[in-house]
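Trainee: Quick one: this structure, given as C-alpha cells, is what I'll be asking you about.
The values are calculated or read from the model by the stated rules, or taken from the named source; none is laboratory data. Note that the structure is a prediction, hence the values are computed from the model and not measured. Because the Cβ atoms are built from the backbone with ideal geometry, glycine has one as well, and the counts that use them run over all protein chains shown. The protein model used for the area step is the full one, side chains on, heavy atoms only, and it has no ligands, DNA or RNA in it. Shrake-Rupley method; radii C 1.70, N 1.55, O 1.52, S 1.80 Å.
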Amino acid sequence: MLNVPSQSFPAPSSQQRVASGGRSKVPLKQGRSLMDWIRLTKSGKDLTGLKGRLIEVTEEELKKHNKKDDCWICIRGFVYNVSPYMEYHPGGEDELMRAAGSDGTDLFDQVHRWVNYESMLKECLVGRMAVKSAVPKGMLPKSQPTNPLAKESPVSPSYDWFQTDSLVTIVIYTKQKDINLDSVIVDYQDDSFRAETIIKDYSYLIYIGLSHEIQEDFSVQVVENVGKIEIVLKKTENTSWTCLGHPLENHNLLIPKKDTGLYYRKCQLISKEDVTHDTKLFCLMLPPSTHLQVPIGQHVYLKLTITGTEIVKPYTPVSNSLLSEFKEPVLPNNKYIYFLIKIYPAGLFTPELDHLQIGDFVSVSSPEGNFKISQFQELEDLFLLAAGTGFTPMVKILNYALTNIPTLRKVKLMFFNKTEDDIIWRSQLEKLAFKDKRFDIEFVLSAPTSEWNGKQGHISPALLSEFLKRSLDKSKVLICICGPMPFTEQGIRLLHDLNFSKDEIHSFTT
Ligand code: FAD
Ligand code: NAD
C-alpha cells in the first residue's frame, strides 16, 4: 500500500513493480510520490478532520465512513482516515476502497504487512476501535484460540528455566523435529529477553522483562532430534534469581507468523565495497546480544528514518563471496550479514543507505520468506533464472546446492542483465563454473554493446527451452526465478507453457 514514490509510475523497467509482490500498480498523478506524502504529513494539516483528537470508534461508526472522500479503515485495532492518502496509494484508490469502513487488517497483511503503516499514517489516526477489534491479533489471552484453523497449528511448545550461580538456562521444548539454529532468533535489548522460534508458519515467543541484568552475549544450542533449544545467559552478578522476570506482549504464545509484527535490532555498518558501477556489497554486524541466522532463500527488511519517517525495504542476504563458501562453511554463529544492493540514484532508500558512514546503524528485521530447504530433497537439476539484483537469493542457493545435495547432477544459472558492466560477480561465477563441472553459467544481455557475442534479449521461450534441458528424462527439477516483477511474471508463464509444474518452480517475491 505504501512506500512507493512515483510520478508516471511505474516506469517500464522500474523495480518498484516488485515491491508489492506482483499486485498491479496504478499511475499516480504528479506530486503524489511517497516524498510528497511525507511532506504533507509534516505540513501540520489536519488530516483526520478531528483537530488532533483521538476517538473510540464503534463498528457502526466505522461502517459509516465508506466513501472515497470519507474513508476510514481499521488496521490491527487502530482506525485511520485514509481519504487524504487515496491519491498517494501506489496500489490505487480502488484497492484502498476494498477495506473502506471495515477492518482491513487481513487485506493489508496479504499485500504488504511489512510496510510501516503506523509511521506512514500516523497523521491519519482517528483512534482505536471501541470493541472487539481493539485487541490486536495475537494478543488474545492464552485460553482463546488465536486462529480459526487452530486445529492445523503445530503443538504448542513450552519452556522452562534453571540456574547456577553464574548462568541462567532457558530451555524451549518445541516438540518438533525440524528445528535448527536458523529456527530461533534471540535478542536481549533494554532488559528484555526475546526468543522467537519459527515452527512452520507459526511463531512461538518467549518475551520477558528479565528480573536481573545479564551480560550481552549468550549461547544458543539446538538438540535437533528432540527439538530442544537451550539458551544460556550469563548473570552479571552471582545472585540467585527467584523469578525469571515479567511476561511481555505475546509471551508464551504460538501464533501464525503472518499475525506477528516485524522485530528489528540495530546493526552496525562494517564495510561497503563496490561490486559493479552501481551495486555494492554491504556488511552489517549484528549486536552481540542477538542470535539470528537468515535461512537460505529468505530476506530481511532494512529500516532507516528518512526525513522523520521510517522507511522499510526488503533485501536478501548473500554470502560475502561465491567462492569463499566452498572453502569453509559459514561459522554457525556468524555475526555478519552481507547484502548486494543496487543504488538507484533517484530511489528513496538506497541513496540514504549509500550515504551511511562506516559505524552507522541500520535496523534489520527478523527473516521472512517462503522458500523451504525441503524443496531441494532428492533434487537432480537446479535451474536458476536471475535478472539484475534478482541474483541475490541465488547466491546462498547455489552454495547450498553444490555443497549439500548429494543427488545433484546439474546447476545452471541464466543471468539476465542490461550490459556487461551490470553483471554482479561475473569473474567469481566464471571461476566457479570452471572449478565445478556441475555448474554452468549463461549470461544474457538486454542492451549489449556491439562487442558482445553472447546471448541477447529478454527472457523468451527460445532461450528457456534451450536452457532448461533435464540431465535425465525424468530427473527431479527445481527452477528458481527472481528479478523485476515483469521478468518474473513472464518467466513463470513461459515455464508453465514448457510444462513445468507448480512444484518445480519457485519464484521470489514478497
Ligand atoms: P525506489 O524509490 O523504489 O526507486 C527505484 C527505482 O525506480 C529508481 O530508479 C527510481 O528512479 C525509479 N522510480 C521511482 N519512482 C519512479 C517513478 N515515479 N517513475 C519512474 N521511475 C521511478 N534490491 C537489492 O539491490 N538487493 C537485494 O538483495 C534485494 N532484495 C530484495 C528482496 C525482495 C523480497 C524484494 C521484493 C526486493 C528486493 N530488492 C533488492 C529491491 C529493494 O527492496 C528496493 O526495492 C530497491 O533497493 C529500490 O529501493 P529504493 O527505495 O532505493 O528505490
Ligand atoms: P535491471 O533493470 O537492471 O534489469 C535486469 C534484467 O531484467 C534486464 O536486463 C532484463 O533482462 C530483465 N528485465 C527488466 N525489465 C524487464 C521487463 N519489463 N520484462 C522482462 N524482463 C525484464 O534490474 P534491477 O534494477 O537489478 O532490478 C532487479 C529487480 O529484482 C528489482 O525489481 C528487485 O526488487 C528485484 N529483486 C527481488 C528479490 C526478491 O526476492 N523478490 C530479490 C532481489 C531483487
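Residue by residue, here is whether (1) outside the structural domain of SER321 (by the TED database); (2) within 26 Å of ASN334 (Cβ to Cβ) holds:
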| position | (1), (2) |
| --- | --- |
| ILE229 | yes, yes |
| VAL232 | yes, yes |
| GLU237 | yes, no |
| HIS246 | yes, no |
| ASN252 | yes, no |
| SER271 | no, yes |
| VAL275 | no, yes |
| LEU284 | no, yes |
| SER289 | no, yes |
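Trainee: Continuing with the same structure: If we only count strands (runs of 3 or more DSSP E) wholly inside the range 329-399, which ones have 2 or more residues that are more than 11 Å from ligand 1 (Cβ to nearest atom) and polar (S, T, N, Q)?
Mentor: Once the strands (runs of 3 or more DSSP E) in the range 329-399 are filtered for at least 2 residues that are more than 11 Å from ligand 1 (Cβ to nearest atom) and polar (S, T, N, Q), what remains is 361-365.
Trainee: For the range 210-244, give me each residue that is within 29 Å of LYS175 (Cβ to Cβ) and of a type in the set (Ser, Thr, Tyr).
Mentor: Within the range 210-244, SER211, SER219, THR242 qualify.
Trainee: Next up: Given the criterion in contact (Cβ under 8 Å) with a residue 60 or more places away in the chain, assigned to a loop (DSSP other than H, G, I, E, B) and not charged (D, E, K, R), identify the matching residue among THR41, THR48.
Mentor: Working: THR41 fails: assigned to a loop (DSSP other than H, G, I, E, B).
Exactly one residue qualifies, and that residue is THR48.
Trainee: Turning to a different aspect of this structure: Quick one: LYS474 ticks every box in (1) in a helix (DSSP H, G or I); (2) at pLDDT below 95 bar one, so which box is it?
Mentor: Answer for LYS474: the failing condition is (1).
Trainee: Pick from TRP241, TRP161: which is assigned to a strand (DSSP E or B) and either farther than 30 Å from ILE311 by Cβ or open to solvent by 60 Å² or more (accessible area, probe 1.4 Å) (or both)?
Mentor: Answer to the check: TRP161.
Trainee: I would also like to ask the following. Which one of the conditions (1) within 27 Å of the chain's Cα centre (by Cα); (2) open to solvent by 10 Å² or more (accessible area, probe 1.4 Å) does LYS455 fail to meet, given that it meets all the rest?
Mentor: Evaluating LYS455 over (1) within 27 Å of the chain's Cα centre (by Cα); (2) open to solvent by 10 Å² or more (accessible area, probe 1.4 Å) leaves (1) as the failure.
Trainee: Could you tell me which of the residues PRO154, PRO148 is open to solvent by less than 40 Å² (accessible area, probe 1.4 Å), within 20 Å of ASP259 (Cα to Cα) and modelled with pLDDT under 95?
Mentor: Step by step, each of PRO154, PRO148 is checked, and only PRO154 is open to solvent by less than 40 Å² (accessible area, probe 1.4 Å), within 20 Å of ASP259 (Cα to Cα) and modelled with pLDDT under 95.
Trainee: OK, next. Kindly indicate whether any position in the range 477-486 is part of a loop (DSSP other than H, G, I, E, B), more than 24 Å from the chain's Cα centre (by Cα) and more than 16 Å from ligand 1 (Cβ to nearest atom).
Mentor: For the range 477-486, residues part of a loop (DSSP other than H, G, I, E, B), more than 24 Å from the chain's Cα centre (by Cα) and more than 16 Å from ligand 1 (Cβ to nearest atom): absent.
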